[in-house]
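**Q** This structure is in C-alpha cells; I'll ask about it shortly.
The values are calculated or read from the model by the stated rules, or taken from the named source; none is laboratory data. Every value quoted in this text rests on a predicted model; they were computed, and no experiment measured them. No Cβ is skipped: glycine too gets one built from the backbone with ideal geometry, and neighbour counts run over all protein chains shown. We work out accessible area using only protein heavy atoms, side chains counted, and drop any ligands, DNA or RNA first. Shrake-Rupley method; radii C 1.70, N 1.55, O 1.52, S 1.80 Å.
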Amino acid sequence: MSIYPHARFLISAAAAAQFPNDAGAEVAIVGRSNAGKSSAINAIVGRRNLARTSKTPGRTRLLNFFELAPQARLIDLPGYGYAAGPREELQSWAGLIEQLAPRQSLHGLLLVVDARRGILPGDQQLLDWAQSIGRPVHVLFSKSDQITRAQGQQLLRASAPALQGRGSAQLFSAHEGVGLLEARAQLDAWLASQQKESPGSTRE
Ligand code: GDP
C-alpha cells in the first residue's frame, strides 16, 4: 500500500529558476552513492519504483523533486562521495545543494549512511553544511540488516557526538522494513511543520 497515494515526480532541475515554487514544505534526501538512498525513498514512500526516475541517465546529476501530497515535497539529490571523483564534481554537487539553502520550505534533511561504513567525511561535511543553514538532519543508518543488533547500538552511540545539536539517527533497512515507521514519522513531522517565518509574515 502506498503511504502517499498521490506521490508523483515533479521535475529534474539543475538551477533554482526551474525549482517548484518555494511554498509549503519539503525535505531533501542525501547520501553517498550506493548508500541505499533510492531504496530508502521507495520504502518510505511505499512505492516500489518512485526513485527510479532519479536514476534515469541524465537525471543523476540533477535535483529531482517529488510531490508526496499537495505542498509537500521530497527532493532527491545526486549521490556524492566517490573519493577518487574529480574535484569539479564535488564542486558542482556543492553548487547544486547550495541552491536549496535559501528555500523557506526546506524543513529538514534525511541523510542516508551505510550502517557498515558509518559517518564518513562527505557525510560530516553535509552535517556541517546543514548546521550552517540551520536545518535539522535525521540520519538513516541503512542496510542495518547487514550488521548485528549490538553493532547497531554501538553505531548509534558512536555517532552521537557527530550529531550533537544537529539532528538524530536511527537504524534502517529498506529490504527488511526496519525503522520504516520511525523514518516516516520524521518525514511527516517536517512536512507538516509550519513554514519558517519570513520577515513581515505573521505566525498563525
Ligand atoms: P543509492 O545509490 O544510494 O540510491 O542506493 P540504492 O538504493 O540503489 O542501493 C545500493 C545497493 O544497496 C543496492 O545493491 C541495493 O540492493 C542495496 N541496498 C539498499 N538498501 C538495502 C538494505 O536495506 N539492505 C541491504 N542488504 N542492501 C540494501
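**Q** Can you pull out the residues in the stretch 54-97 that are at pLDDT 80 or above and of a type in the set (Gly, Ala, Ser)?
**A** Selection gives ALA69, ALA72, GLY79, ALA94, GLY95.
**Q** Another one. Does at least one position in the stretch 187-196 carry a residue that is within 16 Å of the ligand (Cβ to nearest atom) and at pLDDT 95 or above?
**A** The answer is no; no qualifying residue exists.
**Q** Could you give me the residue pairs with C-beta distances under 9 Å whose first residue belongs to the stretch 1-27 and is closer than 18 Å to LEU100 by Cα, whose second residue is modelled with pLDDT under 95 and of a type in the set (Lys, Arg) wherever it lies, and which are 6+ apart or on separate chains?
**A** SER12/ARG59; ALA14/ARG61
**Q** Another question, if that's okay. What number of residues within the stretch 148-175 satisfy the criterion of being part of a loop (DSSP other than H, G, I, E, B), open to solvent by 30 Å² or more (accessible area, probe 1.4 Å) and within 16 Å of the ligand (Cβ to nearest atom)?
**A** The number of residues fulfilling the criteria is 3.
**Q** Something else now. Only one of (1) at pLDDT below 95; (2) open to solvent by 10 Å² or more (accessible area, probe 1.4 Å); (3) outside any loop (DSSP other than H, G, I, E, B) is not met by ALA51, so which one is it?
**A** Result: ALA51 fails condition (2) only.
**Q** Still on this model: Give the stretch 34-48 a look and list any residue that's surrounded by fewer than 17 Cβ atoms within 10 Å (Cβ to Cβ) and near the ligand (Cβ under 7 Å from one of its atoms), or say none.
**A** Let us first name the residues in the stretch 34-48 that are surrounded by fewer than 17 Cβ atoms within 10 Å (Cβ to Cβ), namely 34, 42, 46, 48.
The one that is surrounded by fewer than 17 Cβ atoms within 10 Å (Cβ to Cβ) and near the ligand (Cβ under 7 Å from one of its atoms): ASN34.
**Q** Could you grab me the full set of residues in the stretch 54-84 that are of a type in the set (A, V, I, L, M, F, W, C), part of a loop (DSSP other than H, G, I, E, B) and touching a strand residue (DSSP E or B) at 6+ places or on another chain (Cβ under 7 Å)?
**A** Answer for the stretch 54-84, where residues must be of a type in the set (A, V, I, L, M, F, W, C), part of a loop (DSSP other than H, G, I, E, B) and touching a strand residue (DSSP E or B) at 6+ places or on another chain (Cβ under 7 Å): LEU62, LEU77.
**Q** Tally up the residues in the stretch 131-146 that are farther than 13 Å from LYS37 by Cβ and among the β-branched types (Val, Ile, Thr), please.
**A** Total meeting the criteria: 2.
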